[in-house]
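J.: Here it is, the structure, as structure tokens.
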Amino acid sequence: MTTATEQQHMAGPLSAAVAHLCTRLQPQVSARTAAGFREVLRRLSAPLQVAVAGRIKSGKSTLVNALIGRRVAPTDVGECTRLVTRYQYGTVDRVEVVFKDGRKQVLPFDVGGMIPNDLEVDFDEVSHLEAYLTNAVLRDLTVIDTPGLGSLDAASVKRTEELLGVAGGSARHRAFDGTDEGTEGKEDEKEDDDADLDPTSRNAVAGAEAVLYVVTQGVRADDQQALAAFTAATASREAGPVNAIAALNKADTIAPESVQGSDGDVWKAASLIAEKQAATLKPRVADVIPVIGLLAESAESGGFTSADADALRQLAALDDATWETMLMSADIFVSWECDVPTGTRTRLLEKLDLYGIRCAVDALRADPELTAGALRRRLLDASGLAKVRGRLDAVFRARADGIKAAAALASVTALAHASGDAGERQRVHDAIEVLLAKPEAHQLRLLEALTLVTSGAVNMPDDLAEEVLRVGSNADIGDQLGMKGRPQRELSAFALERAGWWRSFASFGATPAQSRVAHVVHRAYFLIWQQLREQAG
């Protein structure tokens, strides 16, 4: 049974409806499937799980630290960077090594408060790490740091692939590859009867519900493959929604002169490249946002100190010729003769790089009275982290109820398929259809339509696929309509016009598969129009 406490932590009414479905079906399915349903219930009451994935050395762990607001994830290559690590809320800070046989061992933080690079245990026996932190941001978002794709370590790549669904194919037939790994979705406390879960059933409810994919300036074929695999593993209603955004990290390393139309501005150059990458990666990702992970980590996690601010204040007092010379390269910045010690300048480079140092000095020259705290906030603004967080909120948190409910339905269906019982599969299918027939469940239908299109299961012309992605990937009505900031009457008229267009397309211009999607999009526009009309009074 779902407890009252668990119900209180449900992301919303859709999650509660799926939880009720699981509870009601438990007496009607096999013991193994019922054990899987209990894990689904636990996942429904847990925070949304977002995996941070990407190629090796793309800066994933640095960005994880910035998002969490604490420098805890190791960024230097070591054993821990080859493991999946789940960062979740806890009342006491601790890290646990989880072994493949289910054993757990508490891992002490290093002297800097970070997870140590070396575990001092038999690495081959380790499944993953569980980090519990008191940081408030983790109350409603579990962040999963993954090993880099493209690593020379095949085992580390395999762990990441299992998390993203690469290894085992579509969950509508089977969940991942049936091995004992990939159990990262398990929660800290487990009921005794979860021993009934076999590896296939465990994997059917494991894995991330959304992904933040970290890219650098060059998007490579394996980036595309990893995102395509995540899409395939979460395609159609049976396997849940595709929910991915990408972050163009290390935006400060882009040479603006190499990007046409940038006018010599780093952020304009990064934005132009991000737009091109978004076009390349769609419909796999909803958006690509530029960010400087190192600057964000230093400014947000306490790495930037008042001593750093004092050193930057000394640099701001240098004459223009000396200062511009020092900024020509990192080597010159460190070795050029000036009153700021070489070690101090090296530390500033490690925390801010040349771009962040220039930003800080420019800010201090414009306003010499800036405090260390105000300067830190300026650097945080310059990092682009706020936009990444805003997009996470818009794409993930605001839609957490639908994302979690659809992912739970994915697991429910996968568990029923894994049972091998045709009658059980039919009972689960019928129960899901009853749930989806309810008007309040339309968001799940929209997510299904979105994932059918993004996975390639239903082919749509590019402009229509883009429209489905826009309507299905946003929570704000202005964003859904592509008319953010426009007057309400314009939004209302546009929603009604598009509702009519999609209804006509469904009836006269679409294939049967396209028609199924078109009816859902028509309904979405009609509901938006109704909502706007109600708001207008």
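The values are calculated or read from the model by the stated rules, or taken from the named source; none is laboratory data. What you see is a predicted model; the values in this text were computed from it and never measured. So basically every Cβ, Gly included, is an ideal-geometry build from the backbone, and we count neighbours across all protein chains shown.
J.: Taking into account only those residues within the stretch 388-397 that are within 15 Å of residue 213 (Cα to Cα) and in a helix (DSSP H, G or I), which is modelled with the lowest pLDDT?
T.: Start the filter on the stretch 388-397 by keeping residues that are within 15 Å of residue 213 (Cα to Cα), which leaves 388-389, 391-392, 395-396.
Still in the list and also in a helix (DSSP H, G or I): 388-389, 391-392, 395.
Details: 388: 91, 389: 89, 391: 83, 392: 82, 395: 73.
Top of the filtered list is 395.
J.: I'm checking my understanding of the structure. Among residues of the stretch 433-467 that are β-branched (Val, Ile, Thr), part of a helix (DSSP H, G or I) and crowded, with 21+ Cβ neighbours inside 10 Å, which one is farthest from the chain's Cα centre (by Cα)?
T.: Per the criteria, the residue is 453.
J.: For residues that are in contact with a Gly (Cβ under 9 Å, 6 or more places away or on another chain) and aliphatic (A, V, I, L, M), scanning just the stretch 30-63, find the one that is surrounded by the fewest Cβ atoms within 10 Å (Cβ to Cβ).
T.: 56
J.: Restricting the first residue to the stretch 376-397 and requiring it to be touching a residue at least 12 places away in the same chain (Cβ under 8 Å), which pairs with a second residue that is in a helix (DSSP H, G or I) and surrounded by fewer than 19 Cβ atoms within 10 Å (Cβ to Cβ) meet a Cβ separation below 8 Å and a spacing of at least six or different chains?
T.: Pairs that qualify, where the first residue is touching a residue at least 12 places away in the same chain (Cβ under 8 Å) and the partner is in a helix (DSSP H, G or I) and surrounded by fewer than 19 Cβ atoms within 10 Å (Cβ to Cβ), are 380/386; 384/267; 394/479.
J.: State yes or no: is residue 402 within 26 Å of residue 266 (Cβ to Cβ), in contact with a Ser or Thr (Cβ under 9 Å, 6 or more places away or on another chain) and touching a residue at least 12 places away in the same chain (Cβ under 8 Å)?
T.: Working: within 26 Å of residue 266 (Cβ to Cβ): no; in contact with a Ser or Thr (Cβ under 9 Å, 6 or more places away or on another chain): yes; touching a residue at least 12 places away in the same chain (Cβ under 8 Å): yes.
Judged against the criteria, residue 402 is not a match.
J.: Here's a check for you: in the stretch 468-488, which residue that is touching a residue at least 24 places away in the same chain (Cβ under 8 Å) and more than 22 Å from the chain's Cα centre (by Cα) is farthest from residue 278 (Cα to Cα)? Quick ask: steps written out before the conclusion?
T.: Within the stretch 468-488, the subset touching a residue at least 24 places away in the same chain (Cβ under 8 Å) is 468-469, 471-477, 479-481, 488.
If we keep only those that are more than 22 Å from the chain's Cα centre (by Cα) as well, we get 481, 488.
Details: 481: 18, 488: 28 Å.
Across the stretch 468-488, the extreme among qualifying residues is 488.
J.: For the condition touching a helix residue (DSSP H, G or I) at 6+ places or on another chain (Cβ under 8 Å) and not assigned by TED's automatic domain parsing to the domain that holds residue 15, what is the one hit in 422, 437, 441?
T.: Just one listed residue meets the conditions, 441.
J.: So, one more: Out of all the residues in the stretch 489-511, which are of a type in the set (Phe, Trp, Tyr) and either over 11 Å from residue 522 (Cβ atoms) or in contact (Cβ under 8 Å) with a residue 60 or more places away in the chain (or both)?
T.: If we filter the stretch 489-511 for residues that are of a type in the set (Phe, Trp, Tyr), which is where we start, we get 494, 501-502, 505, 508.
Scanning the stretch 489-511 gives 494, 508.
J.: Look through the stretch 285-317, keep the residues that are hydroxyl-bearing (Ser, Thr, Tyr) and part of a helix (DSSP H, G or I), and return whichever of them is nearest to the chain's Cα centre (by Cα).
T.: The selected residue is 298.
J.: Identify all residues within the stretch 318-334 that are within 37 Å of the chain's Cα centre (by Cα) and assigned to a loop (DSSP other than H, G, I, E, B); write none if there are none.
T.: Within the stretch 318-334, 327, 328, 329 qualify.
J.: Taking the conditions exactly as written (under 24 Å from residue 47 (Cβ atoms), part of a helix (DSSP H, G or I) and either in contact with a strand residue (DSSP E or B) (Cβ under 9 Å, 6 or more places away or on another chain) or in the same structural domain as residue 530 (by TED's automatic domain parsing) (or both)), does residue 402 satisfy them or not?
T.: For residue 402, the condition - under 24 Å from residue 47 (Cβ atoms), part of a helix (DSSP H, G or I) and either in contact with a strand residue (DSSP E or B) (Cβ under 9 Å, 6 or more places away or on another chain) or in the same structural domain as residue 530 (by TED's automatic domain parsing) (or both) - is not met.
J.: Of all residues in the stretch 228-255, which are at pLDDT 70 or above and either buried (at least 16 other Cβ atoms within 10 Å of the Cβ) or outside any helix (DSSP H, G or I) (or both)? Steps first, please.
T.: Applying the first criterion (at pLDDT 70 or above) to the stretch 228-255 yields 243-255.
243, 244, 245, 246, 247, 248, 249, 250, 251, 252, 254, 255 - these are the residues of the stretch 228-255 that are at pLDDT 70 or above and either buried (at least 16 other Cβ atoms within 10 Å of the Cβ) or outside any helix (DSSP H, G or I) (or both).
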